[in-house]
Amino acid sequence: MAARKIIHVDMDAFYASVQQRDNPELRGKPVVVAWKGSRSVVCAASYEARTFGVRSAMPALRAQRLCPEAIFVPPDFTRYRAVSHAVREVFQRHTDLIEPLSLDEAYLDVSQNKTGLPTATLVARAIRNQIRQELNLTASAGVAPNKFLAKLASDWRKPDGLFVIQLDDVDTFLLPLPVGRLPGVGKVTGEKLEKLEIKTVWDLRGLERSSLEQQFGRFGFRLYELARGVDPGEVIPDRPTKSISAEDTFEHDLPIAETEPMIRRLSEKVWAASRQETRIARTVVLKLKTSDFKILTRSHTPSLPPSTSEELTEIALHLREKVDLGPKQRFRLVGVGLSNFEEPVDAKMQSILFTST
């Protein structure tokens with residue numbers, strides 16, 4: 001079976017770059033896309049701002065301290081969606097197998113492409129050139145035999161870069177990487193691997209599948225595959241979103257009364273991500289993990305879905321009140337999510353009217 005040809009395209013600092021493109025006064029300056037307010041979080045930062053350490057999902061106040069000269073602009077998701085649609089049209093000239101991950105990134109399967117270009121590298125180069133010439137924006141791309149490697153590759157030469165991982169070069173690229181570069185290896189998994197003296201993918205490959213499954217459950221098999229550069233996942237066009245969530249682990253275990261600032265930041269992050277969806281989420285979910293790793297979830301489906309970031313935050317904070325494990329209980333992680341997505345009411349009515357005529 002021939003190896004697949006997968007491209008991962010990632011727009012460079014997308015929201016901030018659109019703002020800079022459309023407002024010449026912002027070009028070359030540190031731009032931070034964020035709502036105003038003491039509890040706001042950063043949606044995006046230009047590369048000029050990133051040199052000061054500003055990152056997405058960071059509290060806006062911290063971003064301002066790191067970069068006092070930063071220019072803060074509110075997000076404009078209507079504009080971002082329009083530009084994202086134009087980028088999607090570029091993709092469609094080359095393949096119909098497109099799996100968007102968000103407004104600013106997507107996987108493309110170009111094992112067979114529409115334009116007859118002989119290699120995936122030339123397809124990626126053509127896509128990047130068309131985005132630059134027609135939209136005046138830059139995109140980074142990774143080309144590889146599967147989705148996992150393509151996503152790693154697209155990040156390798158950002159911004160405005162192209163990196164290719166040939167099938168014969170997978171081990172050369174992959175084995176020296178820190179295990180933290182593997183998808184799904186967060187702080188907790190990273191600490192467990194460190195205790196096992198696993199620092200690189202090379203180290204990880206030395207563990208038997210049975211050992212990994214014993215240590216990490218079902219994720220152990222995933223680690224076993226990733227360490228070998230294996231990812232059987234196919235590019236699935238228009239995969240419907242089932243949920244959007246964000247979570248974070250505290251530096252030190254906290255009582256539930258002290259989780260409010262994090263819940264507010266995570267709620268705003270989730271709300272920003274949900275603005276990229278055409279469908280509406282009906283259910284709000286709060287996740288908590290105790291100091292002894294017990295996971296608790298609370299959810300609420302209001303009669304009307306939350307229509308603002310503030311409404312989402314208030315529901316998440318109300319769900320926190322439904323957790324009562326006593327004042328001595330400590331928590332190591334909190335998460336906020338949206339689920340139960342459905343089409344907007346007006347879209348449903350249009351469908352009903354259309355099918356009834």
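The values are calculated or read from the model by the stated rules, or taken from the named source; none is laboratory data. Since the model is a prediction, treat every value here as computed from it, not as a measurement. Cβ sites come from the backbone with ideal geometry, for glycine too, and all protein chains shown count toward neighbours.
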From GLU48, GLU89, residue being under 18 Å from ALA13 (Cβ atoms) and assigned to a helix (DSSP H, G or I): GLU48
The lone exception for VAL42 - which of (1) closer than 22 Å to GLU247 by Cβ; (2) among the β-branched types (Val, Ile, Thr); (3) modelled with pLDDT of 95 or more it fails: (3)
Extreme residue, farthest from the chain's Cα centre (by Cα), among residues of region 170-186 that are surrounded by 13 or more Cβ atoms within 10 Å (Cβ to Cβ) and assigned to a helix (DSSP H, G or I): ASP171
Which listed residue, of ALA316, ALA273, ALA281, is closer than 22 Å to LYS187 by Cβ and at pLDDT 90 or above: ALA316
Strands (runs of 3 or more DSSP E) within region 275-342 that include 2 or more residues touching a Phe, Trp or Tyr at 6+ places or on another chain (Cβ under 8 Å), touching a residue at least 24 places away in the same chain (Cβ under 8 Å) and charged (D, E, K, R): 280-290
Boolean, LEU204 is in contact with a Lys or Arg (Cβ under 8 Å, 6 or more places away or on another chain) and either buried (at least 17 other Cβ atoms within 10 Å of the Cβ) or on the phi > 0 side of the Ramachandran plot (or both): no
Only listed residue being buried (at least 17 other Cβ atoms within 10 Å of the Cβ), touching a Leu at 6+ places or on another chain (Cβ under 9 Å) and within 30 Å of PRO178 (Cβ to Cβ), chosen from ILE244, ILE256, ILE263: ILE244
Of residues in region 284-304 being surrounded by fewer than 19 Cβ atoms within 10 Å (Cβ to Cβ) and hydrophobic (A, V, I, L, M, F, W, C), the one farthest from GLY184 (Cα to Cα): LEU304
First in region 247-266 and under 19 Å from VAL42 (Cα atoms), second anywhere and in a strand (DSSP E or B) and of a type in the set (Val, Ile, Thr), Cβ under 7 Å, 6 or more apart: GLU247/VAL334; ASP248/VAL334; MET262/VAL334; ILE263/VAL334; ILE263/VAL336; ARG265/VAL41; LEU266/VAL334; LEU266/VAL336
